[in-house]
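Some notes on the structure that comes next.
The values are calculated or read from the model by the stated rules, or taken from the named source; none is laboratory data. Here the structure is a predicted model, which means the values were calculated and not measured. Neighbour counts run over all protein chains shown; Cβ positions are idealised from the backbone, glycine included. SASA here: full protein model, heavy atoms, side chains in, ligands and nucleic acids out. Shrake-Rupley method; radii C 1.70, N 1.55, O 1.52, S 1.80 Å.
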Amino acid sequence: MTKYVYEFSEGNGSMRNLLGGKGANLAEMTGLGMPVPQGFTISTEACTRYYADGEAIGDDIREEIGTYIGKLEELTGKKFGDPENPLLVSVRSGSRASMPGMMDTILNLGLNETVVEAFAAKTGNPRFVYDSYRRFIQMYSDVVMEVGKAYFEELIDEMKEARGVKDDIELTADDLKELSEQFKAEYKAKLGADFPSDPIEQLFGAIKAVFRSWDNPRAVYYRRLNDIPSDWGTAVNVQSMVFGNLGDTSGTGVAFSRNPATGEQGLYGEFLMNAQGEDVVAGIRTPQTIDQLRDQNPEVYDQFQEIVTRLEDHYADMQDMEFTIEEGKLFMLQTRNGKRTAAAAFKIACDLVDEGKINPEKAVSMIDPKQIDALLHPQFDAAGLKAATPIGKGLPASPGAACGQVTFTAEDAAAKGKKGEDVVLVRLETTPEDIEGMHYAKGILTARGGMTSHAAVVARGMGTCCVSGLGDISFAKDGKSFTLGGTTYNEGDWISLDGSTGNVYGQKIETVPAEIGGYFGRVMEWADEFRTMKVRTNADTPTDAAQAREFGAEGIGLCRTEHMFFEPDRIAAIREMIVSKSAEQREAALAKLLPMQRGDFEGIYEAMEGYPVTIRLLDPPLHEFLPHDEDDIVTLAAEMKISADELRDVIASLHEFNPMMGHRGCRLDVTYPEIGAMQTRAIIEAAINVQAKHPEWDLVPEIMIPLVGELKELAFVKKIVTDTADAIIADAGVELKYLVGTMIEIPRAALTADEIAKEAEFFSFGTNDLTQMTFGFSRDDAGKFLDAYYEKKIYENDPFARLDQTGVGKLVELAVDLGKKTRPDIKLGICGEHGGDPASIDFCQRVGLNYVSCSPFRVPIARLAAAQSALANR
Ligand code: PEP
Ligand code: MG
């Protein structure tokens, strides 16, 4: 029979998959003899079964949980529902990967009217007991029964107003008792049933709620952002309560073993006396720093510091810990590898190597490649910043600079962000429901909350700039404006945030790209040592190519030549070519383009300093170069000295029902061989010229034919290329090698890759088109319906961002095998968007590609991801 429940003393840190991160670490700390309130973990397999059983907890699992409650009662000497000595527990989620704040937690479970009264009398601290009770009713109603917490908060506010007090802490035991009655009445009014008083019923309600929270929208969204599979499930930790709200010698806090924003060595954290954990994490009260604990309670501080050092040494990584002090006694509630900014991640990795705690392999493996993005993010332009005066200062919760228009709701931020608008989300505090809006915002500003508040933790993880705890902000009643520094800012006004200093500016400040080096450079050097795949870039201009070189690109994997044609001086020539009525006219128009293209390619070869460059022949359908607006048609016709009707006829003749599957790619060269010939000439002549200037380089241009689906089609276009190239090389009397290859982006090309490889000297997987054509949905339109697919759990993520390894991946693998059969030394790469996505890069490593190619800013991500994959697959 499967075992679903484990006491903390039965588990250990290696059982993460089964016990979740929190459960495994609680077990590990128990094994290390640390002060952990005891309890048990219900495994992730129980969660998976809960869903498989139609959202029900099976009788066998119920029975097992019952047994473990009995064991916990024995261990603690307390009993569920016993007024004399009640067992109270917390029920918390904990999946394999940490998902801070995304799932649910219930504290103080086990309280009911009888227990509360006896407990109040026994502890002699009725205020604490009624405070715990009202918190429990509130949390349970919200989390388990989904009543919502807004009305409860209103009741608290009303009570504070009636009593003439400002803080919760000033409410008396009687006030809190009355509040708990009001809460229960509210519960009954909403649900038509009494608030459950049986602790076992409460417990199973809470366990179900945690299982259910695995699938709440914010958890689903977080999983999608962080590549966490939905079938992992969450474990549930049932732990005996310790109380941070027992009075002035009790408290609770969150601390990191190093600074999570900068990586600096030394304890870093916050705590609140006379409070429960939720108060610190929720950001409702602004906490004290951990240094103040040293002053207030040096003994506890020293004990905590010792535990922190042991934990960091034990895990060989920066730890993020929750602790509670109950009447002067320290308890550890959690430890996990801490989330950190990109800058901190690199510093910590290097420091740990220097401290002899890890080796460079581990340093490379411990950094999330997606985080690098944050390092490469813009900072304020120095002159703009100098001229600006801050209007307020909050906590520097997540570094970087952000500038955008004020929005007040996460929904607005998401909607505007999706349209490409720059927005800053301004909130009293953020809650986990805000996750999508936070993702789309350039920056986040909150009035409440410390460095470990929800906004701070989540923003750091995302690499989004965040300033938190700016208490001077006052919001208008309608929530549509705020006042700060004497000025009112409305929705749509521009503000700027500096997440590294906490400064807020009431204006737009231009941003500039970030500088990289130091720790980053050191880790990247190690990464390059371990990496076996090359990393190239997709770049169409010398500027992009140079940027990519700075980021460490080792060549160009895709130069989309069409992008050059859109420049104002070229578009006229390409349009002339399109309206041409004969091959001669077309050649005349193309002759105008030739010197420009040659110049482009020379610039690109120069920028790439001798590294390989793959240039793709023209790909898009020709109608993309012509206007469709009536006024523009008339103007252009006049410029081209043809009638508007004539131009309209050309445009009409180019109309296609499905241009993405129409007259594009190599099909253009089949109908107009002059195009391929001109482009080949530009590529080869540019190479000859640059090679002559740089004899130390060994230029071997790679000419890539797009959208091939049939061997004969490839052979036809290849002949245009080789005839042209060979003639030019012979005429010039030089030696120049070049390669002709193809994109594999049509399923038929993948299926017949052994045939295709007879002509192609290299394959580059165009996984954008390959995904589009394999799924049969348009890459331009899929966004409209993919959200519905995520909601309904048909897809977990966007197949255009993350390679679908099951379907599209199968085609890639097949093409690799078939291609190698025909041409064992065939060069294999990828140039679709997936070339910059870490999970897809790992796939490329496993199927044996020689390189990945991605946009310049993703080159460092790809370098690190490729190294991690090489290490993991060694
Ligand atoms: C592809 O299809 O993956 C590709 C790289 O080409 P494009 O995006 O230009 O169609
Ligand atoms: Mg393509």
Margin query: Can you say whether LYS581 is away from ligand 2 (no atom under 16 Å from the Cβ), open to solvent by 30 Å² or more (accessible area, probe 1.4 Å) and assigned to a loop (DSSP other than H, G, I, E, B), as far as the supplied structure shows?
Written below: yes
Check: Any idea which residue in segment 546-580 is farthest from TYR851 (Cα to Cα), counting only those that are within 14 Å of ligand 1 (Cβ to nearest atom) and modelled with pLDDT of 85 or more?
Finding: THR561
Check: Is one or more of the residues making up segment 559-571 under 30 Å from ALA402 (Cα atoms) and in contact with a strand residue (DSSP E or B) (Cβ under 8 Å, 6 or more places away or on another chain)?
Finding: no
Margin query: Kindly evaluate ARG858 against the criterion of being at pLDDT below 95 and in a helix (DSSP H, G or I).
Written below: yes
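Considering only segment 164-234, give the helices (runs of 4 or more DSSP H) lying wholly within it that have at least 3 residues that are modelled with pLDDT under 95 and under 33 Å from the mean Cα position of the chain (by Cα).
Answer list for segment 164-234: 199-213, 217-226.
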Check: Which members of segment 826-838 meet the condition of being in a helix (DSSP H, G or I) and either open to solvent by 30 Å² or more (accessible area, probe 1.4 Å) or within 11 Å of ALA757 (Cβ to Cβ) (or both)?
Finding: GLU833
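In segment 768-795, which residue that is among the aliphatic types (A, V, I, L, M) and within 16 Å of ligand 2 (Cβ to nearest atom) is surrounded by the fewest Cβ atoms within 10 Å (Cβ to Cβ)?
Filtering segment 768-795 for residues that are among the aliphatic types (A, V, I, L, M) and within 16 Å of ligand 2 (Cβ to nearest atom), the one surrounded by the fewest Cβ atoms within 10 Å (Cβ to Cβ) comes out as ALA782.
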Checklist line | Inter-residue pairs, beta-carbon under 7 Å, first among the aliphatic types (A, V, I, L, M) and in segment 362-381, second modelled with pLDDT under 80 and open to solvent by less than 20 Å² (accessible area, probe 1.4 Å), 6+ apart | finding: ALA374/GLY463
Notebook entry, point to check: Which condition breaks for PHE625 when tested against (1) among the hydrophobic types (A, V, I, L, M, F, W, C); (2) surrounded by fewer than 15 Cβ atoms within 10 Å (Cβ to Cβ); (3) touching a Phe, Trp or Tyr at 6+ places or on another chain (Cβ under 9 Å)?
Noted result: (2)
Next item on the list: Give segment 613-638 a look and list any residue that's among the charged types (D, E, K, R) and away from ligand 1 (no atom under 16 Å from the Cβ), or say none.
Entry: ASP629, GLU630, ASP631, ASP632
Next item on the list: Scan segment 601-621 for residues that are assigned to a helix (DSSP H, G or I) and either within 16 Å of ligand 2 (Cβ to nearest atom) or open to solvent by less than 10 Å² (accessible area, probe 1.4 Å) (or both) and jot them down.
Entry: PHE601, ILE604, TYR605
Item checked: Looking only at segment 415-429, and only at residues there that are open to solvent by less than 10 Å² (accessible area, probe 1.4 Å) and in contact (Cβ under 8 Å) with a residue 24 or more places away in the chain, the one that is farthest from THR511 (Cα to Cα) -> VAL426
Next item on the list: Restrict the check to segment 699-717 and report whether at least one residue is surrounded by fewer than 16 Cβ atoms within 10 Å (Cβ to Cβ) and of a type in the set (Asp, Glu).
Entry: yes
Check: If you go through segment 348-377 one residue at a time, how many are at pLDDT 95 or above, open to solvent by 10 Å² or more (accessible area, probe 1.4 Å) and not hydroxyl-bearing (Ser, Thr, Tyr)?
Finding: 12
Note to self: Checking GLY392 against (1) out of contact with any Pro (no Cβ under 7 Å at 6 or more places or on another chain); (2) open to solvent by 60 Å² or more (accessible area, probe 1.4 Å), only one condition comes out false. Which one?
What the structure shows: (2)
Item checked: Count of residues meeting criterion [in contact with a Leu (Cβ under 8 Å, 6 or more places away or on another chain), polar (S, T, N, Q) and assigned to a helix (DSSP H, G or I)] in segment 839-855 -> 1
Margin query: Can you find, within segment 256-288, the residue that is nearest to CYS350 (Cα to Cα) among those that are at pLDDT below 95 and small (Gly, Ala, Ser)?
Written below: GLY263
Note to self: Considering only residues that are open to solvent by 20 Å² or more (accessible area, probe 1.4 Å), in contact (Cβ under 8 Å) with a residue 40 or more places away in the chain and within 16 Å of ligand 2 (Cβ to nearest atom), which ones fall in segment 734-767?
What the structure shows: PRO747
Check: Hey, does segment 215-225 have a residue that's over 30 Å from GLY23 (Cβ atoms) and touching a residue at least 12 places away in the same chain (Cβ under 8 Å)?
Finding: no
Margin query: Just to confirm my filter: which helices (runs of 4 or more DSSP H) fall fully inside segment 719-825 and include at least 1 residues that are within 16 Å of ligand 1 (Cβ to nearest atom) and of a type in the set (Asp, Glu)?
Written below: 767-775
Note to self: Suppose the filter is touching an Asp or Glu at 6+ places or on another chain (Cβ under 9 Å), open to solvent by 50 Å² or more (accessible area, probe 1.4 Å) and either within 16 Å of ligand 1 (Cβ to nearest atom) or of a type in the set (Lys, Arg) (or both); does LYS641 pass it?
What the structure shows: no
